[in-house]
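The values are calculated or read from the model by the stated rules, or taken from the named source; none is laboratory data. Nothing here was measured: the structure is a model prediction, and the numbers come from that model. Cβ placement follows ideal geometry from the backbone for every residue including glycine, while neighbour counts extend to all protein chains displayed. What goes into the accessible areas is simple: the full protein's heavy atoms, side chains included, and nothing from ligands, DNA or RNA. Shrake-Rupley method; radii C 1.70, N 1.55, O 1.52, S 1.80 Å.
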Amino acid sequence: MLFNSFAFAIFMPVVFIIYWAIPHKYRWVLLLAASYYFYMSWNVKYVFLILLTTGVSYFAAIYLQKAESKKQKKLILAATAIICLGVLFFFKYFNFVSDSVVKFCSLFALKLNPLTLKLMLPVGISFYTFQTLSYVIDVYKGEIQAERHFGKYATFISFFPQLVAGPIERTANLLPQIKAEHKFDYEQASYGLKLMAWGYFKKIVIADTLSQYVSKIYDAPEQYEGFALVLATLFFTVQIYCDFSGYSDIAIGTAKLLGINLMINFKSPYWSQCIKEFWGRWHISLSTWFRDYVYIPMGGSRVGKLRHYFNLIVTFLVSGLWHGASWTFVIWGGIHGVAQVIENALVPSKYNKSTGLLWFIRVAFVFAFCSFAWIFFVSDSVGDVFYVISHMFYGIGNPSSYLRGGIADIGLAKLPLILICLWIVILAIYDLISLKTDVIKLISDRKKVVRWPAYICLVLIIVFFSQKGIAAEFVYFQF
Amino acid sequence: MKKFIRNILILLVPVLIVTCCLNYVYKKNSPNFGTMGKHKNDDAYIVNVPDEIELMCVGNSHGYYGFNFDKYEDNYVCFNFSLPSQSMSYNYRILDNYRNKIKEGACVFICVSYTSFFGLDETDLDNFESKNKRYYHFLDRKYIKEYDFKTDVFVRYFPSLGVDSIKFINTLRGRAENRDYWNQETSKDAAKKHGTHRYKTQIEVNVDSDGNRIINEEEIKSLYDLISLCREEGAVPILTTTPILSEYTNSVLKNDPEFFDDFYGILEQVQKDTGVEYYDYGFDDRFCFDYKLFFNTDHLNRKGAKKFVDILMKEIVYEKGLL
């Protein structure tokens, strides 16, 4: 069940009404049932995987708390990690590793038949596996207590707004909220609804519109050259942001309707002045996960310079691999890691708070760098990446025909171009204001004659300008 | 809570009013409501189907653009049931829906294209949902693949909510999109480019992950059903492949030498099983080198379609005394 589906438009109001109508002690049961129903709407069979992961981590945490020696604790933690990551590996990485081994052996004239499994990647497996792991690690560290109530713990792992694509919640934030008694808060629910509307605008108006052009080019990049490749890359840069942050906004808004506050996942990332800042604003729940459970345990920045750089690169390589079982994702992560190392080594931190023209130049540079890196993310193979990079400036010697040819190749007519520019300008202004203040709150504080027309316009734009009849799955569902 | 629900309702009232008004204007301005829609644009629906049709065609875009019956409409009741990207199974469903409109002894041209029998089932393709919507306008629900009541309601009563934003704006402005490909002539360069793109895409769609061609049995069965249906109604089915530029067929031969063996193999079997006649104009010298008869490598333009139908009438219909 997608957030942008008719089924969800029925499901959510029903859950919302029942949730607030029943006594607090039964609400977790409703949330658990709704979450499992939500998940099973994709594939009933895969519910056993989430049950397995939930069960293993639940008992592991209890035994961890009971364990007396450090050795015992380590053993339990390792066993849990092996099981949870094993499931993830089996479904997501088995074919990738098998294929890579075969290709590697072929370099030495060793011919092996690849062992490939025809499995469908369970939706959201990377997200709930990481949420489960963070819970067990936190119990291991003694930072939180193991949850005794299996039902409430299962609700925490499967909470439907964030189950399939995050934000990857921390136990300390979400679990107490699931257990706490909530009273309906008009302000919170109203904010949630407005955030959902903004998320829908980003997803079904902007991202889905751009996805048609991106798919056209990146499905067969070798058939294009010049500005069409540049334009498709820039469109993807906006598409992936609107798609994923749109999903996060809808998820956070949905949770707010149920009285639960999820962590913020995006904070105007394309207005960042450096790559480090970008990662502090992009997919924050994952970035902080890697920071807390990979980067810092490796020593983080409190080690020698070389070791620090090594830690950075390894963290980003793993982050790339988390995104997808392909070398393009690994390289994408690696590029960001290397960029941070270079930035760390060459740019003094005092320049990280520039203003005026320098600020703009730096923002533009970070945007250009991220766009370049997205080529690795969106391409099907390393070969496609090199084709795109080597052909994207073909014909630039004649700028007029370069630009016109690119726009024609991508299939952009005047009206769609105007609309796309308009949506992007609205998005950019919203994000720019968001750097200083909460835009939704800002509008909510205006007079009725200002805010109501704004809400009505937003809903009408979503109704009439959303893309219809195209595959509208969220990009991050594949991870 | 009351305040929250009340405010949602207050928001929905103006949204619904504006939506209904815009939908009304859209329906009024749309060329697809109440007009023939024949060869008007890519979304043309089948409407105003005459009774006692004597000369007709079913097929995909090759049939849609390739058959121009204008010259013969004074003498015969003609109709073109072809639509762009239409599958053979939908050809059958459409003709079954309108079977009582077929006159006994009618001539039915069934357009078979290189894409007709290969590839995944259309319901598995990404664009199926959007393509399938058009059939809600004119087919009985039992003929619609994966019929969905919600889609039916939206397509019939709120069409403005089911179209893309560009078409919506253009229609509101009274500028319905008219992709008049028919009157276009192709240039050699454009044809080359189109051909390469088009063929590569087809190859990708029509092979499985191991590179083997996917033969679509449902589509082949639909052709048999279509032939039987025509005969049940006393009509004469004739299979034909519309003319195609040599650039395209050469590209197919070069990239996939076995393609035509597979394609013609299926047609030979159909002919053997049913006794139906097949006329192949895919390699016809009168067309395949003449760029002025096409608007891209595999679609005839208005001039080409007139010439093609003249040839069909002369070489098949009159020659065999079919009408």
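Figures for the structure shown
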{"item": "B:Phe149 accessible area, 1.4 Å probe, all protein chains in place, Å² to nearest 10", "result": "140 Å²"}
{"item": "Chain pair A, B: total accessible area buried, heavy atoms, 1.4 Å probe, Å²", "result": "2700 Å²"}
{"item": "Filter on A:Lys203/A:Lys256; A:Lys448/B:Lys150; A:Lys414/B:Lys131; A:Lys203/B:Lys142 - keep pairs with C-alpha separation over 28 Å", "result": "A:Lys448/B:Lys150; A:Lys203/B:Lys142"}
{"item": "Förster-model FRET efficiency, 22 Å R0, A:Ala220 and B:Asp121, C-beta, rounded to 0.05", "result": "0.45"}
{"item": "Percent accessible area from carbon and sulfur atoms, chain A, protein chains only, probe 1.4 Å", "result": "68 percent"}
{"item": "Charge dipole magnitude, Cβ of K and R +1, D and E -1 - the protein assembly as shown, Cα centre, debye nearest 20", "result": "4580 debye"}
{"item": "Shape category assigned to segment A:1-77 from the gyration tensor of Cα positions, a/c cut at 1.5", "result": "oblate"}
{"item": "Charge dipole of segment A:185-301 about the Cα centre (unit charges at C-beta), most positive-ward option of A:Asn261, A:Thr233, A:Leu195", "result": "A:Asn261"}
{"item": "Size of charge dipole - segment B:46-116 - debye, nearest 20, with Cβ of Lys, Arg +1 and Asp, Glu -1, no other charges", "result": "280 debye"}
{"item": "Two-decimal Rg/Rh across chain A, once Rg and the Kirkwood Rh are taken from alpha-carbon atoms", "result": "0.97"}
{"item": "Overall Cα dimensions of the protein assembly as shown - principal axes, largest extent first, Å", "result": "96, 71, 55"}
{"item": "Segment A:119-176-segment B:265-323 distance, computed between alpha-carbon centres (Å)", "result": "64 Å"}
{"item": "Nearest-20 debye value, segment A:6-183 charge dipole, Cβ charges on Lys, Arg, Asp, Glu", "result": "300 debye"}
{"item": "Label-point gap, in nm, between A:Ala368 and B:Asn250 - each point 7 angstrom along Cα→Cβ", "result": "4.3 nm"}
{"item": "Calculated [θ] (222 nm, deg cm²/dmol) that DSSP helices of n ≥ 4 give over chain B, each run adding -39,500 (n - 2.57)", "result": "-13500 deg cm²/dmol"}
{"item": "Three-way shape call for segment A:427-468 based on the alpha-carbon gyration tensor, with the a/c threshold at 1.5", "result": "oblate"}
{"item": "B:Glu129 paired with A:Ile443, simple spin-label distance in nm, labels 7 Å along Cα-to-beta-carbon", "result": "2.5 nm"}
{"item": "Rounded FRET efficiency, nearest 0.05, which uses the C-beta distance separating B:Val207 from A:Ser106 and R0 of 22 Å", "result": "0.40"}
{"item": "In Å, descending, principal axis extents of the Cα set of chain B", "result": "74, 46, 37"}
{"item": "Exposure of A:Leu346 as accessible area (Å², to 10), given a probe of 1.4 Å and all protein chains", "result": "130 Å²"}
{"item": "Contour minus Cα-Cα distance for A:Val29 and A:Leu119 (0.36 nm per residue)", "result": "29.3 nm"}
{"item": "Highest-fluctuation residue, B:Thr297, B:Thr249, B:Thr123 considered, GNM on chain B with Cα pairs under 10 Å", "result": "B:Thr123"}
{"item": "Choice from B:Lys71, B:Lys292, B:Lys131 showing the highest fluctuation, given a GNM over chain B with Cα pairs closer than 10 Å", "result": "B:Lys71"}
{"item": "10 Å Cβ neighbours from other chains, averaged over peptide B:2-9", "result": "4"}
{"item": "In Å², nearest 10: area of A:His149 left accessible to a 1.4 Å probe", "result": "70 Å²"}
{"item": "Residues whose placed amide H lies under 5 Å from that of B:Phe294, excluding near-sequence neighbours", "result": "B:Thr186, B:Asn301"}
{"item": "For segment A:214-250, residues shielded by at least 20 square angstrom of accessible area compared with the chain on its own, probe 1.4 Å", "result": "A:Glu222, A:Gln223"}
{"item": "Segment A:6-183 shape via C-alpha gyration tensor axes, a/c threshold 1.5", "result": "oblate"}
{"item": "Solvent-accessible area per residue for segment B:73-154 (1.4 angstrom probe, square angstrom)", "result": "41 Å²"}
{"item": "Efficiency of FRET between A:Leu460 and A:Ser401 - r from beta-carbon atoms, R0 41 angstrom, step 0.05", "result": "0.60"}
{"item": "Spin-label model distance (nm) - A:Ile264 vs B:Asn75, 7 Å beyond Cα toward Cβ", "result": "7.7 nm"}
